[in-house]
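The values are calculated or read from the model by the stated rules, or taken from the named source; none is laboratory data. A quick note: this is a predicted structure, and the numbers were derived from the prediction, not measured. Glycine gets a Cβ as well: all are built from the backbone with ideal geometry, and neighbour counts include every protein chain shown.
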Amino acid sequence: MRPGGTCLVVMRAPDGSEFPNPGVYLEVVEDERLVLTDAYTAAWEPSGKAFMTAIITFADEAGGTRYTARIRHWSAADREAHEAMGFHQGWGQCADQLAALAARL
């Protein structure tokens, strides 16, 4: 991972449908912060429709790690569409999966 490097977030619906969301990393701070957006695709090419920027931080806390995901949408309509897709449940599942992985380490 590096700023300008490509990323791919795949959102999966309960029925198994997949929604690939290609983008790029804007900022990478090892063990601390990831910022990625779908406003660009590979090689800083603008995407057809920007939807969100994700800011993910990790911080030491009480012998563990605090994981915080903040999502910035381009418009209120984009935010509402993301919520209708199950945004809160999906990102909650992601956090649960990370916690389960960390518990095995």
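Here are a few things to note about the model shown:
- Residue check, Leu36 hydrophobic (A, V, I, L, M, F, W, C) and either part of a helix (DSSP H, G or I) or over 15 Å from the mean Cα position of the chain (by Cα) (or both): no
- Lone unmet requirement of (1) part of a loop (DSSP other than H, G, I, E, B); (2) within 24 Å of Ala77 (Cα to Cα); (3) in contact with a strand residue (DSSP E or B) (Cβ under 7 Å, 6 or more places away or on another chain) for Asp31: (2)
- Among the residues examined, Glu27 qualifies as of a type in the set (Asp, Glu), on the phi < 0 side of the Ramachandran plot and surrounded by 10 or more Cβ atoms within 10 Å (Cβ to Cβ).
- Any hit, the stretch 84-101, residues being of a type in the set (Gly, Ala, Ser), touching a residue at least 60 places away in the same chain (Cβ under 8 Å) and on the phi > 0 side of the Ramachandran plot: yes
- Filter pass, Gly16 being touching a Phe, Trp or Tyr at 6+ places or on another chain (Cβ under 6 Å), surrounded by fewer than 15 Cβ atoms within 10 Å (Cβ to Cβ) and either over 21 Å from Leu101 (Cα atoms) or modelled with pLDDT of 90 or more (or both): no
Residue by residue, here is whether (1) small (Gly, Ala, Ser); (2) in a helix (DSSP H, G or I); (3) exposed (fewer than 14 other Cβ atoms within 10 Å of the Cβ) holds:
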| site | (1), (2), (3) |
| --- | --- |
| Lys49 | no, no, yes |
| Ala54 | yes, no, no |
| Arg66 | no, no, yes |
| Arg72 | no, no, yes |
| Asp78 | no, yes, no |
| Ala81 | yes, yes, yes |
| His88 | no, yes, yes |
| Trp91 | no, yes, no |
| Ala100 | yes, yes, yes |
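- Flag for Ala59 being surrounded by 10 or more Cβ atoms within 10 Å (Cβ to Cβ), of a type outside the set (D, E, K, R), at pLDDT below 95 and in a loop (DSSP other than H, G, I, E, B): no
- In the stretch 30-57, the residues that are of a type in the set (A, V, I, L, M) and either at positive phi or without any contact (Cβ under 8 Å) to a residue 40 or more places away in the chain (or both): Leu34, Val35, Leu36, Ala39, Ala42, Ala43, Ala50, Met52, Ile55, Ile56
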